[in-house]
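Q: To start, I am sharing the structure in question, which I have written as structure tokens.
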């Protein structure tokens, strides 16, 4: 696969058709629109990625709840005079993305089933973390789903990851830089070898989420993605 197509099947797949489908029809619709073979690839990616993503998300939650995040932000701002936040989209992946976005003749991004499986696993892991800590579904849906697909991803699709991240708060800008490498490492070490090797290890048993009244835009949150 070429670099351009790799970007289309990952970042552009998330910010394009995956986000649009979630926004309009809910999480399950992403899975339900796939062919049978693609559904199998989605399930493998979802099952391999849920637990690693949740591990990092639990750590992030503890970091915020304990007050460590606030202390870290205060300490970081004291260092900014010497160590300011630099641009984060100059690596090869994002420079390829710049080229892809300006190519008006490019093919539209597909819904890549493995990309979708990893992305929705992380999204549902955050939903479950917040639910297990007693947050209301209105807050969970907004913070985990709606804000991503209706606000952040369109920014990223328009001008890239740095434009999206660095139009957020200082806390969010620092958090993106701090935690991105943790997600990258744990997925490469724990999820991608399983997905690529076809080992099919089951890491997350699906449970039904109780029926609730959901805010507009959260269609399909009534149950986790069907990975059985």
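Q: Starting from the Cα of residue 102, move 7 Å in the Cα-to-Cβ direction to define the label point; list residues of region 1-34 whose amide nitrogen is under 17 Å from there.
A: Of the residues in region 1-34, 4 have backbone N under 17 Å from the label point off residue 102.
Q: Here is a follow-up. Once R0 is set to 30 Å, what does the formula 1/(1 + (r/R0)^6) return for the Cβ-Cβ distance between residue 25 and residue 159, expressed as a FRET efficiency to the nearest 0.05?
A: So, using R0 = 30 Å, E works out to roughly 0.70.
Q: Could you give the length gained on full extension between residue 95 and residue 65, defined as 0.36 nm per residue of separation minus the Cα-Cα distance, in nm?
A: Taking 0.36 nm per residue and subtracting the Cα distance, the gain is 7.2 nm.
Q: Top mean-square fluctuation among 54, 71, 24, Gaussian network model of the chain, C-alpha springs under 10 Å?
A: 71
Q: Consider just the alpha-carbon atoms of region 14-120 and return their Rg together with their Dmax, both in angstrom.
A: Computed over the Cα atoms of region 14-120, radius of gyration and Dmax are 18.7, 54 Å.
Q: Pick from 13, 23, 162: which residue has the top mean-square fluctuation in a GNM of the chain where Cα pairs under 10 Å get a spring?
A: 162
Q: Along each principal axis of its Cα atoms, how long is the chain end to end? Whole angstroms, biggest number first, please.
A: 54, 47, 36
Q: Points 7 angstrom from Cα along the Cβ direction at residue 3 and residue 78: gap in nanometres?
A: Between residue 3 and residue 78, the label points sit 4.1 nm apart.
Q: Here is a follow-up. Please give the length that would be gained between residue 32 and residue 87 if that part of the chain were fully extended, namely 0.36 nm times their separation in residues minus their C-alpha to C-alpha distance (nm, one decimal).
A: Stretched fully, the residue 32-residue 87 segment lengthens by 16.0 nm.
Q: Now for a different question. Evaluate the relative contact order of region 1-142 (contact order divided by residue number), counting alpha-carbon pairs under 8 angstrom at least 6 apart; express in whole percent.
A: In percent, rounded to a whole number, it is 49.
Q: Along the Cα→Cβ direction, 7 angstrom out, place labels at residue 40 and residue 135. What is the inter-label distance in nm?
A: 3.6
Q: Of 25, 72, 157, which is the most mobile in a GNM of the chain whose springs link Cα atoms less than 10 angstrom apart?
A: It is 72.
Q: If packing is taken as the mean number of other Cβ atoms within 10 Å per residue, what is the order of 140-147, 36-43, highest first?
A: 140-147, 36-43
Computed from the coordinates by the stated procedures, all read-outs in this text should not be read as laboratory data. Values in this document were obtained by computation on a predicted structure and should not be read as measured data. Glycine also receives a Cβ, built like all others from the backbone with ideal geometry; neighbour counts cover every protein chain displayed.
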